[in-house]
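Worksheet for the structure shown next.
Nothing in this text is a laboratory measurement; each read-out follows from the coordinates by a stated rule. Owing to the predicted nature of the structure, the values given are computational and were not obtained by experimental measurement. All Cβ positions, even for glycine, are placed from backbone atoms using ideal geometry, and neighbour counts span all protein chains on display.
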There are 2 protein chains.
Amino acid sequence: MSPAPSPARRTGRPRSPEADRAILEATRAALVELGWGKLTMGDVAARAGVAKTTLYRRWASKNELVVDAVAALFDEQLELPDLGSLQADIEGVVLRFAALLERPETKTALMAVVAESTRDDALRERIRDAIVDRQKRLVLLGRERAQARGELPYEEDPSAAARTADLIFDVIAGAVVHRTLVSAERVDPEWARGFAALLLGGLRA
Amino acid sequence: MSPAPSPARRTGRPRSPEADRAILEATRAALVELGWGKLTMGDVAARAGVAKTTLYRRWASKNELVVDAVAALFDEQLELPDLGSLQADIEGVVLRFAALLERPETKTALMAVVAESTRDDALRERIRDAIVDRQKRLVLLGRERAQARGELPYEEDPSAAARTADLIFDVIAGAVVHRTLVSAERVDPEWARGFAALLLGGLRA
DNA sequence: GCTCTTACGCTACGAGCCGTAGCGTAACTG
DNA sequence: CAGTTACGCTACGGCTCGTAGCGTAAGAGC
């Protein structure tokens with residue numbers, strides 16, 4: 001997730017890491033105020049106190065810039081403390097993920113880049129590395145803990161286990177995203193409880 | 001879902017319904033070829049054999065145009081034949097929804113307008129009326145059938161029943177969308193079976 | 001120190017799209 | 001027939017894009 005696709009360089013003036021941070025921060029701020037559609041490269045550059053050309057030297061397109069700007073937020077917020085039971089762990093990750101999605105810059109940006117990624121394989125790859133795969137780790141971690149607690153059986157067939165993990169991941173992330181962005185309703189603790197109970201019931205069957 | 005926000009008019013030259021159809025069809029075609037980002041109003045007008053001004057007389061923005069263009073596809077494809085069991089019904093609706101999302105014009109457009117709707121309440125309302133609420137009916141229908149078959153209990157508290165229906169809806173639609181667009185993997189019959197089994201297990205618990 | 005190399009800020013530019021205005025013409029109503 | 005509205009066409013100012021060219025700033029290597 002280095003912010004720039006910089007070629008191997010070892011001589012000459014180094015790129016300013018301060019500019020990197022300023023640009024990404026300006027991108028997030030602009031997303032909140034303007035939304036995806038009205039966000040312009042020139043505006044981001046102005047907010048960051050940076051020339052437009054500097055911006056283009058690092059990111060080839062608005063899409064990639066926004067992916068990187070948002071990816072940092074996921075790293076901050078996504079952890080999975082052990083809450084003692086699988087039910088509690090699921091509720092916890094749901095609430096954390098929902099809190100992230102309720103931030104205006106996150107929801108707008110995430111959906112916009114996902115939309116663009118349906119036509120751009122490189123962008124999808126970038127999203128996968130920067131965001132999706134990191135979330136998926138949480139599913140694997142949660143399962144391991146649940147198995148250690150005896151709440152879930154150990155699956156023998158590793159490919160079946162991987163399919164199950166993918167399924168769980170799509171169900172959790174998909175439900176939270178859909179609830180938040182499409183149904184446009186809050187993910188509150190009550191909803192998280194109901195969802196976790198539903199999922200847990202399915203997992204035990 | 002009348003294609004245009006036309007004021008009550010009764011005199012003068014009527015709007016050409018042929019132009020309406022041509023514009024919506026051209027919009028879908030352009031989405032497939034160009035994607036959301038590069039889709040321009042001028043291009044759509046040219047494809048439809050219509051003046052750009054005619055287009056603006058009916059739709060105020062690209063967003064609304066695309067919502068209407070895509071909404072028609074949902075009406076075509078979304079039905080819920082009685083397949084004899086709740087498991088089969090869930091699998092059926094999942095596969096139908098997935099087939100819809102795999103069409104290039106649908107997935108790109110749907111995500112793009114959802115992204116825009118995070119900043120535009122009117123657009124969200126339009127999406128809700130044109131797309132989301134229609135899908136939700138399928139959930140209610142499926143539950144009624146399952147209750148009639150004795151597969152699900154009748155819930156007494158109507159508000160709790162509504163919350164459950166909303167939850168199921170977000171889980172089903174969210175999982176399919178996430179699998180298709182974020183994880184970028186196919187929803188095949190095997191996945192549908194696994195998902196339906198998971199959901200069914202949760203519903204019975 | 002000095003030179004080499006790269007990043008930076010600034011300005012300017014052609015290109016494309018936006019959304020609207022103005023016009024003359026076409027179609028339908030009473 | 002007059003009145004009203006839709007249509008196609010052209011033209012326009014305004015904005016954003018992405019790039020090029022310049023002089024300057026900041027490290028790397030000798």
- line: With x for Gly and Pro, the residue-by-residue ³J(HN,Hα) of segment B:135-150, computed from phi through the Karplus equation 6.51 cos²θ - 1.76 cosθ + 1.60 at θ = phi - 60° and given in whole Hz, is 5, 4, 4, 5, 5, 5, 5, x, 5, 4, 4, 5, 5, 5, 7, x
statement: With Cα coordinates, the longest principal axis of chain A makes an angle with the long axis of helix A:17-38, in degrees rounded to 10, of 70 degrees
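Per residue, how much space in cubic angstrom lies within the convex hull of the C-alpha atoms of segment A:139-184? If you can, show how the numbers build up before the last one.
Details: hull volume 3.2 nm³, N = 46.
Taking the convex hull of the Cα positions in segment A:139-184, it is 71 Å³ per residue.
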message: For B:Pro104, place a label point 7 Å from Cα along the Cα-to-Cβ direction in every copy; what are the distances to the other copies, in nm, shortest first?
response: 3.5
query: If the viscosity is 1.567 mPa s and the temperature 4 °C, what Stokes-Einstein diffusion coefficient in µm²/s follows for segment A:109-205 when Rh is the Kirkwood radius over Cα pairs?
result: 85 µm²/s
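Under the 0.36 nm per residue contour assumption, what length would be gained going from the current alpha-carbon distance of A:Arg134 and A:Gln147 to full extension? Intermediate results must be reported in sequence, preceding the final value.
Working: separation 13, 0.36 × 13 = 4.68 nm, distance 2.08 nm.
Using 0.36 nm per residue and subtracting the Cα-Cα distance, I get 2.6 nm.
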field: Mean projection area, nm², convex hull over Cα of segment A:23-65
entry: 2.5 nm²
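Let me know the charge dipole size of the protein assembly as shown about its Cα centre in debye, to the nearest 20, where only the beta-carbon of Lys, Arg (+1) and Asp, Glu (-1) is charged. Walk me through the numbers on the way to the answer.
Values: 60 positive and 62 negative charges, 353 e Å.
Result for the protein assembly as shown is approximately 1700 debye, rounded to the nearest 20.
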Selection of trypsin sites (Lys or Arg not before Pro), segment B:126-205, meeting DSSP coil and at most 12 other Cβ within 10 Å: B:Arg186
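How big is Rg to Rh over chain B, alpha-carbon atoms, Rh as the Kirkwood inverse-mean-distance radius? Walk me through the intermediate numbers first.
Working: Rg = 19.4 Å, Rh = 18.7 Å.
Rg/Rh: 1.04.
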field: Computed [θ] at 222 nm, helices only, for chain A once each DSSP H run of length n ≥ 4 contributes -39500 (n - 2.57)
entry: -23000 deg cm²/dmol
task: Mind listing the label-point distances from B:Gln147 to the same position on all other copies, shortest first, one decimal in nm, points 7 Å along Cα→Cβ?
output: 4.0
query: What trypsin sites (Lys or Arg not before Pro) in segment B:15-81 are in a loop by DSSP, with at most 15 other Cβ atoms within 10 Å of the Cβ?
result: B:Arg15, B:Lys38
query: What are the nm distances, shortest first, from A:Ser61 to its equivalents in the other copies, labels at 7 Å along Cα→Cβ?
result: 2.3
- prompt: Between B:Arg15 and residues 5 or more places away or on another chain, which pairs have amide H atoms under 5 Å apart, with H built 1.01 Å from N, and which residues are they?
  reply: none
task: Mind checking which of B:Thr108, B:Met41, A:Val70 is farthest towards the positive end of the protein assembly as shown's charge dipole, using Cβ charges of +1 (Lys, Arg) and -1 (Asp, Glu) about the Cα centre?
output: B:Met41
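With +1 assigned to the C-beta of every Lys and Arg and -1 to the C-beta of every Asp and Glu, and no other charges, what is the dipole magnitude of segment A:66-171 about the Cα centre in debye, to the nearest 20? Can you show the working numbers first?
Values: 14 positive and 22 negative charges, 29 e Å.
The dipole of segment A:66-171 has a size of about 140 debye.
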- request: Please count, across chain B, the pairs of lysine residues with Cα atoms under 17 Å apart that sit 8 or more places apart or on different chains.
  value: 5
field: In order through segment B:113-118: 3J(HN,Hα) via Karplus (6.51 cos²θ - 1.76 cosθ + 1.60), integer Hz, x for Gly, Pro
entry: 6, 5, 4, 5, 5, 5
- prompt: If you place +1 on the Cβ of every Lys and Arg, -1 on the Cβ of every Asp and Glu, and leave all else neutral, what size is the dipole of segment B:116-205 about its Cα centre, to the nearest 20 Debye?
  reply: 240 debye
- request: Could you pull the Cα extents of the protein assembly as shown along its three principal axes, largest to smallest, in whole Å?
  value: 72, 57, 34
- prompt: Residue farthest toward the positive end of the dipole of segment A:72-205, with Cβ of Lys/Arg at +1 and Asp/Glu at -1: which of A:Ala173, A:Pro81, A:Tyr154?
  reply: A:Ala173
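Between the DSSP loop rule and a limit of at most 13 other Cβ atoms within 10 Å, which chymotrypsin sites (Phe, Trp or Tyr not before Pro) in segment B:112-205 are left? It would help to have the intermediate numbers written out before the result.
Details: sites: B:Tyr154, B:Phe169, B:Trp191, B:Phe195; in loops: B:Tyr154.
When the chymotrypsin sites (Phe, Trp or Tyr not before Pro) of segment B:112-205 are filtered for loop state and at most 13 Cβ neighbours within 10 Å, B:Tyr154 remain.
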message: Rounded to whole Å, give me the distance from the Cα center of segment B:134-197 to that of segment A:56-134.
response: 25 Å
- prompt: Can you give the angle from 0 to 90° between the axis of helix B:86-102 and the longest principal axis of chain B, with both taken from C-alpha atoms, to the nearest 10?
  reply: 30 degrees
Crossing angle, helix A:62-77 versus chain A [Cα axis fit, 0-90 degrees, rounded to tens]: 50 degrees
